[in-house]
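What follows is a set of notes on a single structure, which appears directly below.
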Amino acid sequence: WSDNDLNDKYIFDWGLRSTNTSGGLLLNSGSSIEGMAETNREILIWTDVSMYSMRYTGPPSIFSLKLISLNVNLISRNSQIAVGDEIYFMGSDSFYRYKGQISKILCTVSNHVFDNINSSQLAKVYACQDFRFSEVTWFYPSANSFEVSFFELSSILNLLQLDRKRPREETGLHG
């Protein structure tokens with residue numbers, strides 16, 4: 001990150017010096033950054049094999065980094081959504097919720113979803129939130145489709161139980 005002194009003529013100075021607040025952190029696990037999500041308290045960073053939490057701590061370090069898990073990933077760059085201080089995300093094997101710690105969302109249709117997703121089109125998986133109904137939805141291409149053709153719906157208010165649904169015709173999604 002660059003220096004944060006707005007009155008400094010070197011505000012965009014990325015050099016690490018004792019006279020500025022520029023800095024950086026090293027992610028020790030993983031070979032690529034796969035996604036990020038921001039809450040009010042932290043920024044979550046996923047690599048291809050792990051998940052980190054980055055928090056603002058102020059001078060002198062500015063940010064701290066904490067490894068949350070070594071065995072969790074995102075199925076796609078857009079498969080996570082922040083809902084207040086909670087993050088809901090789809091990994092390569094399950095649906096998850098993060099609120100200070102990771103927990104799997106128990107789902108009766110997980111096997112169906114992960115057994116019937118087009119693994120060559122995972123980049124098209126995305127999550128979104130419907131504020132009107134307190135729901136998080138994941139859209140994904142089924143095994144027989146090259147485009148998004150199914151969605152999984154999670155009601156935040158109803159104990160995070162997912163129900164497999166076929167897209168409505170008015171959404172423009174076709175299987």
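The values are calculated or read from the model by the stated rules, or taken from the named source; none is laboratory data. Every value quoted in this text rests on a predicted model; they were computed, and no experiment measured them. Here Cβ is always computed from backbone atoms with ideal geometry, including for glycine, and neighbour counts include all displayed protein chains. We work out accessible area using only protein heavy atoms, side chains counted, and drop any ligands, DNA or RNA first. Shrake-Rupley method; radii C 1.70, N 1.55, O 1.52, S 1.80 Å.
Go through T108, T137, T57 and list them by solvent-accessible area, largest first, probe radius 1.4 Å. Please list the in-between numbers first.
Numbers: T108 125, T137 15, T57 75 Å².
Most to least solvent-accessible, the answer reads T108, T57, T137.
Work out, step by step, the length gained on full extension between D115 and F133: first 0.36 nm times the residue separation, then minus their alpha carbon distance; give nm to one decimal. Intermediate values should be presented prior to the final figure.
Working: separation 18, 0.36 × 18 = 6.48 nm, distance 2.80 nm.
This chain segment gains 3.7 nm when fully extended.
Under the 0.36 nm per residue contour assumption, what length would be gained going from the current alpha-carbon distance of K104 and N144 to full extension?
Roughly 11.7 nm would be gained on extension.
Determine, from the Cβ-Cβ distance of D85 and S31 and an R0 of 41 Å, the FRET efficiency 1/(1 + (r/R0)^6), rounded to the nearest 0.05.
The calculated FRET efficiency here is 0.90.
Kirkwood Rh over Cα pairs of segment 12-120 into Stokes-Einstein at 37 °C, 0.692 mPa s: D in µm²/s?
214 µm²/s
Treating segment 81-136 as a set of equal point scatterers at the Cα positions, no solvent, please give the Debye-formula log₁₀ I(q)/I(0) at q = 0.13, 0.14, 0.24 Å⁻¹.
Evaluating at q = 0.13, 0.14, 0.24 Å⁻¹ gives log10 I(q)/I(0) of -0.37, -0.42, -1.10.
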